[in-house]
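Here is the structure we will look at, set down as C-alpha cells.
Read-outs: derived from the displayed coordinates by stated rules, not from any lab. Everything quoted here is computed from the prediction, not taken from an experiment. Cβ placement follows ideal geometry from the backbone for every residue including glycine, while neighbour counts extend to all protein chains displayed.
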Amino acid sequence: MGNFEVAKIFRDIAKILEIKEDNPFRIRAYERAAQNIEGLSEDLEEYVRKDTFPKIPGIGKDLENKIKEIINTGRLKFYEDLKKTLPQGLLDIGNIPSVGPKTTKLLYEKLKIKSLTDLEKAIAKNKLQGIFGIKEKTIENIQKGIALLKRGKERMTLAQAMAVAEEFQDALKKLSEVKKMAFAGSLRRQKETVRDVDILVISDKPSKVMSAFIRIPSVKDILAEGATKSSVRTKSDVQVDCRVVESKSFGAALLYFTGSKNFNIKLRQLAIRKGLKINEYGVFRKNTFVAGRTEEEIFKKLGMVYIEPEMREDTGEIELALKNELPKLIATKDLKGDLHVHSSWSDGNNSIEEMAQAAKEFGYSYIAITDHSQSLRVASGLKVADLKKKKQEIEKLNKRLKNFRVLYGTEVDIDSDGKIDYKDSVLKEFDIVVAAIHTGFKQTKAQLTRRLVAACKNKYVQILAHPTGRLWGVRDPYDIDFEELLKVARDTNTHLEINAFPDRLDLNDLHARRARESGVKLVISTDAHETSQLSVVQFGLAVARRAWLRKEDVINTLSCEALLKEVRK
DNA sequence: GCCGTTTTCGGCCCGACTGTTTTCAGTCG
C-alpha cells in the first residue's frame, strides 16, 4: 500500500460523505489529507515501519490511526463499512463534470439511478425532464459531461500545457485592452502534469477581453462566459480559464489564481487571525483595501517573505516563510552546463561541434557528449574501436573553442545483471560516465534495485540517468527500492539525474526532494538529441524547484573544474 | 476531522457563473 492508495481511500471517503451530506468540514479534512499525502516525498509505509510518524499538515490522531490501519492490514474498516451504505456507481456519477454530490443524490433518490449506465438509460428515456430543478439545459450539460468523462481526458504534461497557454498568450497580447497578462494555476506552479490552463489578464475593459478570449480560433466550446471570468475548451480538449481584474488587484488575483487550493486556504486563515481578509481583489482590513498590487506586498502584509509559486503546496513552506527560513531555489542562471546530450556519433541529429556551439550560445560553459554504449544497437551505441576517434575529435575541438569545454562522456548501458557495458579500462578514459537502464524493465523490484546498486558501486560511474525509467504515456516508473538506492548513491558519491525531457521528468519532484533530504546530489540534464532540445532544461529546472533544490544541491551549477573534482570524489 | 500568538471548543476561505424554483443553491476553482 503506497501513498497514492491511501490518498485514494481518503478521497473516496470524502466523496461518499459528500453524497451523504455529512459535515462539510469533515469532508474537507479528508480531501485535504488526501492531497497532502500525495505531495509527501517519503513513503507512509516507511514511517509506519519505523514507527516514526511525523507531523503532517491536516493529519491528526484519527487519520494517523486510519493510515496505520491501511498500511498494516491493507484495508480500512471504516471505509469498507461506509462503502456498503451507498451503491458504488454513485461515485462515477459524481465524477461527471457539472454533476456534484447534490445532483447525484437527487438522481439516486428520485429515479433510483445507481450507475453511469442507469443515468444514460434514464436520459435516453427522457426520465430526467421534470425532476425538481432539472430542465433541458441541465440534461444537456450532463450529457456533455458524460461524453467528456468517457473520453477520459487525462492531465497533460507541463510542456503540452505550456504550448496551449502560449497560443492564447499570443492571441491576447494583440489586444490593446490587455495591459498585462500572466499564467497562473498549476502551470505557474510548474507541476509535472496540468489539468487546465489558467490565464490572468489586467484590463480596464474586461468585456472586450472576454469577448475576444472566447473567439480565439482554437476554441471549440464555451463552458462559461461572464463579465470578468470565462472558460473554454479547445479543439484539443484542453480547458482554458481566463480571469480579468484591474491593476490594483493584480497581485491578489495572481496569488488567488495560482493556488494551490490548500495553500490559499491556509493563507486566508492566517489573514483572518491578523484581522485581515484576502480575496482575489486584495487584502482588506474591515472594508479598507490595504494591499493587492503585487504578491510581494501581500506576503509582507502577512508578515512573511515571498514564497515561490513552485513551493505553494502547503507542505511546510508557509511556516518557513513566517520565520524567513525558506531555501533559495535554484534558478536558470545557476546552470553552467549539460551533462547528458547525444551527438550523431550515436543516435543524435547534430555533430559534436554543433551541439557545443548551441550550448555555448545557450550560456553554458561546458557540455558532456554522452553517446550510447556498444550494446544499445537500436541507438547506434559506440563500439570501443570508435571511441578513440570520438575522443580525438573532442580534443581537437577543445583546442579551438574559447571559454568552453566539451567533456568526453558516455551514457553506458547497465545490462540485465547490473554489469556495465564497457570495461573499467575503457570507462576510466571518460570525463563523464552516465549509466542507465535501457532494457529488462519488467524485472522484479529486487532485481532492478540490484542492477542500479551495482552501477553505483562501479567506481567509474558518476551519474545515474533517468533512474526510475518512467516514460510518459508509454511506461510507468519501474518499481525499485528507492530508499536503498539513495543510501548506496550517498555512500558511493553517485549523482542522480533529473532528466528534463518532457515525457521523462525522471527523477520526479517527490523523488528529487527525497534525494536532497538524504544528502544525495543531483544533476539536471536534458538528454538532448539535437541542438533545439537543450532548452527543455526548463522542465528539469521546474522539477528541481518543486523539490526545493538549492544551487548547492545540483552539481551542474559548478564550474567545469569544480564539477570534475566533484564527480571524481 | 483538524487545529490553536483570541484556543482543547468552536470555529473552519472566498467569490464567479449557471440554471432555475426569479432569489439562490449547486458547482467549480
ask   = Pairs, please: C-beta under 6 Å, at least 6 apart or cross-chain, first residue assigned to a loop (DSSP other than H, G, I, E, B) and in the stretch A:182-211, second surrounded by fewer than 21 Cβ atoms within 10 Å (Cβ to Cβ) and basic (Lys, Arg)?
value = A:195/A:155; A:203/A:179
inquiry  = Exactly one condition in (1) out of contact with any Cys (no Cβ under 9 Å at 6 or more places or on another chain); (2) closer than 20 Å to residue A:196 by Cα; (3) near DNA strand B (Cβ under 7 Å from one of its atoms) is false for residue A:229; which is it?
reply    = (1)
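Going residue by residue through the stretch A:88-97, is there one that turns out to be polar (S, T, N, Q), more than 12 Å from DNA strand B (Cβ to nearest atom) and more than 23 Å from residue A:149 (Cα to Cα)? Lay out the reasoning, then the answer.
Start the filter on the stretch A:88-97 by keeping residues that are polar (S, T, N, Q), which leaves A:88, A:95.
Now restrict to residues that are more than 12 Å from DNA strand B (Cβ to nearest atom): A:88.
Next, from what is left, pick out any that are more than 23 Å from residue A:149 (Cα to Cα): none.
The answer is no, given that none of the residues of the stretch A:88-97 is polar (S, T, N, Q), more than 12 Å from DNA strand B (Cβ to nearest atom) and more than 23 Å from residue A:149 (Cα to Cα).
A quick yes/no check of all residues on (1) assigned to a loop (DSSP other than H, G, I, E, B); (2) surrounded by 15 or more Cβ atoms within 10 Å (Cβ to Cβ); (3) among the small types (Gly, Ala, Ser); (4) away from DNA strand B (no atom under 15 Å from the Cβ):
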residue: A:107; (1), (2), (3), (4): no, yes, no, no
residue: A:114; (1), (2), (3), (4): yes, yes, no, yes
residue: A:119; (1), (2), (3), (4): no, yes, no, no
residue: A:131; (1), (2), (3), (4): yes, yes, no, no
residue: A:134; (1), (2), (3), (4): yes, yes, no, no
residue: A:137; (1), (2), (3), (4): no, no, no, no
residue: A:147; (1), (2), (3), (4): no, no, yes, no
residue: A:159; (1), (2), (3), (4): no, yes, yes, yes
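Let's see how each residue does on (1) among the aliphatic types (A, V, I, L, M); (2) closer than 18 Å to residue A:98 by Cβ:
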{"residue": "A:196", "(1), (2)": "no, yes"}
{"residue": "A:199", "(1), (2)": "yes, no"}
{"residue": "A:203", "(1), (2)": "no, no"}
{"residue": "A:211", "(1), (2)": "no, no"}
{"residue": "A:215", "(1), (2)": "no, no"}
{"residue": "A:219", "(1), (2)": "yes, no"}
{"residue": "A:226", "(1), (2)": "no, yes"}
{"residue": "A:230", "(1), (2)": "no, yes"}
{"residue": "A:236", "(1), (2)": "no, no"}
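Taking the options A:335, A:339, name whichever one is surrounded by 16 or more Cβ atoms within 10 Å (Cβ to Cβ), within 30 Å of residue A:375 (Cβ to Cβ) and not acidic (Asp, Glu).
Values: A:335 fails: within 30 Å of residue A:375 (Cβ to Cβ).
Selected residue: A:339, the only one of A:335, A:339 that is surrounded by 16 or more Cβ atoms within 10 Å (Cβ to Cβ), within 30 Å of residue A:375 (Cβ to Cβ) and not acidic (Asp, Glu).
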task = Determine, yes or no, whether residue A:120 is of a type in the set (Asp, Glu) and free of Cβ contacts under 8 Å to residues at least 24 places away in the same chain.
result = no
request  = Can you run down the residue pairs with Cβ atoms below 6 Å, 6 or more apart or on separate chains, where the first is in the stretch A:292-310 and closer than 27 Å to residue A:541 by Cβ and the partner is among the basic types (Lys, Arg)?
outcome  = A:309/A:188; A:309/A:189; A:310/A:189; A:310/A:545; A:310/A:546
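Go through the stretch A:398-439 and give me each residue that's among the aliphatic types (A, V, I, L, M), more than 15 Å from residue A:462 (Cα to Cα) and in contact with a helix residue (DSSP H, G or I) (Cβ under 6 Å, 6 or more places away or on another chain).
Looking only at the stretch A:398-439, we keep the residues that are among the aliphatic types (A, V, I, L, M), and these are A:401, A:406-407, A:412, A:414, A:420, A:426-427, A:432-437.
So of that shortlist, the ones also more than 15 Å from residue A:462 (Cα to Cα) come out as A:401, A:406.
Listed by number, the list holds a single entry, A:406.
Return yes when residue A:41 is among the small types (Gly, Ala, Ser), more than 13 Å from DNA strand B (Cβ to nearest atom), touching a residue at least 40 places away in the same chain (Cβ under 8 Å) and part of a loop (DSSP other than H, G, I, E, B) and no when it is not. Can you show your working first?
Values: among the small types (Gly, Ala, Ser): yes; more than 13 Å from DNA strand B (Cβ to nearest atom): yes; touching a residue at least 40 places away in the same chain (Cβ under 8 Å): yes; part of a loop (DSSP other than H, G, I, E, B): yes.
When the stated conditions are applied, residue A:41 passes them.
Taking into account only those residues within the stretch A:441-481 that are of a type in the set (Val, Ile, Thr) and surrounded by 15 or more Cβ atoms within 10 Å (Cβ to Cβ), which is nearest to the chain's Cα centre (by Cα)?
We begin by selecting, within the stretch A:441-481, every residue of a type in the set (Val, Ile, Thr); these are A:444, A:449, A:453, A:461, A:463, A:468, A:474, A:480.
In the following step, the residues that additionally are surrounded by 15 or more Cβ atoms within 10 Å (Cβ to Cβ) were identified as A:449, A:453, A:461, A:463, A:468, A:480.
Details: A:449: 24, A:453: 27, A:461: 28, A:463: 23, A:468: 15, A:480: 20 Å.
Here the residue is A:468.
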Enumerated helices (runs of 4 or more DSSP H) restricted to the stretch A:232-349, each holding at least 3 residues that are away from DNA strand B (no atom under 16 Å from the Cβ), over 20 Å from residue A:191 (Cα atoms) and among the charged types (D, E, K, R) = A:295-301
